[in-house]
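Presented below is the structure to which this report refers.
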Amino acid sequence: MKDKFIVVHDMGTSSDKAALVSVHGKLIAEVEENYPLYHPKPGFAEQNPDDLWDAIYKTTKELLKQTSVNPRDIAGITMASQSQCILPVDEKGRPLRTMISWLDGRSAEIMRTKVWKQPKIQGYNPFRLLKYLTITGGAPGHTGKDQIGMLLWLKEHEPEIFKRTYKFLDAKDYITYKLTGEFVTSVDLAYIWWMVDSRKKQYK
């Protein structure tokens, strides 16, 4: 029986590290492709989603080139990635703006004053945080920089884009859509986004 292979991607903040492994776990080859992180304003951090997709395409192609593996012998593609990013897309999955990185800090003030209700003290209200952690299992971003604040920032500062958005995708969600044409997310990202009631395992 002919060997089958898996393409593994680790799509980080600065590069995509890809590997080709056999279905038995043997490492066949590995490559890396870098992409930029943009800072249009102080405290802002964004990426072009096309840069991420181009890196996935190039590393996959290079793995097949180096190993001469037939694409028909690829049993699957799997991915780990940076998370807590925001990319608004339309109904056809087309990005409406650049992706806001998990490193972005523009929403910290919104989180402090509007979500955690602490106008005078920097940081989270521990009682409100505990409630949301208990229900969703969400992972709060550093100094309050997470998806809730990013969504509120977009609604306030870019209302036209917010209105036109069909889905808000994380980095891995966008690549998954490009590969499959389906809007889906993984369980880990669903919980991190604070959008799942962990008690019922349902979106809120």
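Against the criterion of being modelled with pLDDT under 90, outside the structural domain of L52 (by TED's automatic domain parsing) and not acidic (D, E), G181 does not qualify. If you go through segment 84-140 and keep only what is hydrophobic (A, V, I, L, M, F, W, C) and modelled with pLDDT of 80 or more, you end up with C85, I86, L87, V89, L96, M99, I100, W102, L103, A108, I110.
On inspection, E33 passes the criterion of being in contact with a helix residue (DSSP H, G or I) (Cβ under 6 Å, 6 or more places away or on another chain), over 22 Å from K2 (Cβ atoms) and among the charged types (D, E, K, R). Is it the case, given these coordinates, that K41 is part of a helix (DSSP H, G or I) and among the basic types (K, R)? Against the criterion (part of a helix (DSSP H, G or I) and among the basic types (K, R)), K41 does not qualify. Annotation: of all residues in segment 80-98 being closer than 15 Å to W153 by Cβ and of a type outside the set (K, R), the one that is surrounded by the fewest Cβ atoms within 10 Å (Cβ to Cβ) is L96. You will find that of L27, L52, the residue that is aliphatic (A, V, I, L, M) and either under 16 Å from the mean Cα position of the chain (by Cα) or closer than 16 Å to A80 by Cα (or both) is L52 and no other.
Here is a yes/no grid of residues against (1) basic (K, R); (2) touching a residue at least 40 places away in the same chain (Cβ under 8 Å); (3) touching a strand residue (DSSP E or B) at 6+ places or on another chain (Cβ under 7 Å); (4) not assigned by TED's automatic domain parsing to the domain that holds E160:
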position	(1), (2), (3), (4)
V8	no, yes, yes, yes
N34	no, no, yes, yes
A45	no, yes, no, yes
D51	no, no, no, yes
Y57	no, no, no, yes
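Take the residues in segment 1-24 that are in a loop (DSSP other than H, G, I, E, B) and more than 17 Å from the chain's Cα centre (by Cα), then tell me which one is surrounded by the fewest Cβ atoms within 10 Å (Cβ to Cβ). Within segment 1-24, the match that is surrounded by the fewest Cβ atoms within 10 Å (Cβ to Cβ) is M1.
The values are calculated or read from the model by the stated rules, or taken from the named source; none is laboratory data. Because the structure is a prediction, the values reported are computed rather than measured. Note that we place each Cβ from the backbone using ideal geometry, even for glycine, and neighbour counts take in every protein chain shown.
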